[in-house]
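Structure first, commentary second.
Only the coordinates and a few stated rules stand behind these numbers; no lab work does. All figures in this text were calculated on a predicted structure; none of them were measured in a lab. Positions of Cβ are backbone-derived with ideal geometry, glycine not excepted, and every protein chain shown enters the neighbour counts.
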Amino acid sequence: MSDFELIEEYLSGKLSPEEKRKFRSRLLNDPAFNQEFQELKEIRLQVRQNARNDIKSFFDGIETSIEKDKTTKDQTVMKKVISIAASLVLIAAISYIGLRDFNSPPSNQELFNQHFTSYNSLTGQVRGTAEENLSLEDKAFMAFDAKDFYASEEMLTSLVAAEPSAMNYFYLGASQLELGKAEEAIKNLNTVINNYSGFKAQSEWYLALAHLKNNDEDATIGSLANVITRESEYKEKAKSLLEEMGYTLNTDDMDSGPVIIVVRKPPGNPDAQDDAPDGSSNFDEDTRGRRLFQYGIVSDMAGEKSYSFMTDQPIDNLGEGDLALFVVVERKFRRFRGRSGDGLDGRAFILDKY
């Protein structure tokens, strides 16, 4: 079997567990093979995207042709020919990329595919050391850099159990997101945000993407608002994604009002420290490995408008009746047909409490 065929078998999920193990070992130890693997994987993704674009252009052309041919004597014949051609292409399109309305806004999964890029890291590059002498941490980050995320997830799972740290939890969450395990990624990225000070900006951005992949729009909006309202290297990316979801957020237009309902899960210990530790401090309640989040309803001072809020970074000791400072997430357009809403005036992101 040629290297090309071997890579195709791997990407198609046709290799046995033992063959996968040998394949991943070769990725780590054969730079030329690894390069070929990355190039072929990128080509597959590009071909898929080009197919989407070509099909959209094809149908746009069909629509234009029909309009032009309305004034000709052959209108009926042309429509029939075009309809048959369109049907044939549509059948092929459905079998390859699935059916969707190209004039409708992109779905959450499509937005995820457009905005997600692998985290660029050189943490695991180790030179001049035999593989058998490398530590588990070295091997884990080498696997991550080689984009062997099955192996990095397995080794990082062992690492966070033995040596919990912001870095280990972040790379574990990033590996799981690469593998499509959004639920697991959310827990580990949330762990970084609520328990450590390192890798926080990266975790906030990739957590938003994990929520998007998980099709949790409320959590995605809350996470994106959190990135946008802070000085983060991912701020512009978050603003762009939020707008494509159909929302805008003006950080200069702040409002205030009472918290009507607030729920925190897990409830938390009021005696726990407020500041995120560096990994050495002990919490009264350790939330590592569990998702910590907060949601509820806040209104303006006049009580005329009310907004739902949700965040993966709970505000400590926030209670019903507390005055909160918040920004409103404005809706630009409705992305999908369906129910009009929950009776609220929109969504908000709480910045702080008074």
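Counting only residues 5 or more places away or on other chains, whose amide H sits under 5 Å from the amide H of Leu351 once H atoms are built in the peptide plane?
Placed amide hydrogens put Leu325, Phe326, Val327 under 5 Å from Leu351.
Measure off 7 Å from each Cα along the Cα-to-Cβ vector at Asp352 and Phe33, then give the distance between these two points in nanometres to one decimal.
5.6 nm
Mind checking the full-extension length gain between Val263 and Ala201? Use 0.36 nm per residue of separation minus the Cα-Cα distance, one decimal, nm.
Gain on stretching Val263 to Ala201: 19.8 nm.
What does the highest-first list of 181-187, 205-211, 315-321 look like by mean Cβ count within 10 Å?
Ranked from most to least packed, the peptides come out as 205-211, 181-187, 315-321.
Determine the shape class of region 147-188: with a ≥ b ≥ c the square roots of the Cα gyration tensor eigenvalues, call it rounded for a/c under 1.5, and otherwise prolate if a/b is greater than b/c, oblate otherwise.
Since a/c reaches 1.5 but b/c is at least a/b, the shape of region 147-188 is classed as oblate.
With an 8 Å cut-off on Cα pairs and a minimum separation of 6 or more residues, tell me the relative contact order of region 126-261 in percent.
Values: 146 pairs, mean separation 17.9, N = 136.
Over region 126-261, the number comes to 13 percent.
Would you pull out the residues with amide H under 5 Å of Gly289's amide H, same chain only if 5 or more places away, H placed 1.01 Å from N?
Close amide H contacts, sequence-distant or interchain: Thr191.
Here are some pairs, Lys14/Lys181; Lys139/Lys265; Lys200/Lys305; Lys41/Lys181; Lys147/Lys332; Lys14/Lys237; which of them have Cα atoms lying more than 26 Å apart in this structure? Could the numbers behind the result be given before it?
On the way: Lys14/Lys181 20 Å; Lys139/Lys265 35 Å; Lys200/Lys305 33 Å; Lys41/Lys181 19 Å; Lys147/Lys332 37 Å; Lys14/Lys237 36 Å.
Check vs 26 Å cut-off fails for Lys139/Lys265; Lys200/Lys305; Lys147/Lys332; Lys14/Lys237.
Would you kindly state how much longer the chain becomes between Leu134 and Asp218 on full extension, computed as 0.36 nm times their sequence separation minus their alpha carbon distance, in nm to one decimal?
Details: separation 84, 0.36 × 84 = 30.24 nm, distance 4.26 nm.
Length gained, Leu134 through Asp218: 26.0 nm.
Measure off 7 Å from each Cα along the Cα-to-Cβ vector at Glu163 and Phe116, then give the distance between these two points in nanometres to one decimal.
2.8 nm
Once the Cα gyration tensor of region 168-217 is found, what semi-axes does its equivalent ellipsoid get, as square roots of 5 times the eigenvalues, in whole Å, sorted largest first?
The answer is 16, 11, 8 Å, longest axis first.
Would you please put 143-150, 221-228 in order of how densely packed they are, using the mean number of other Cβ atoms within 10 angstrom per residue and starting with the highest?
221-228, 143-150
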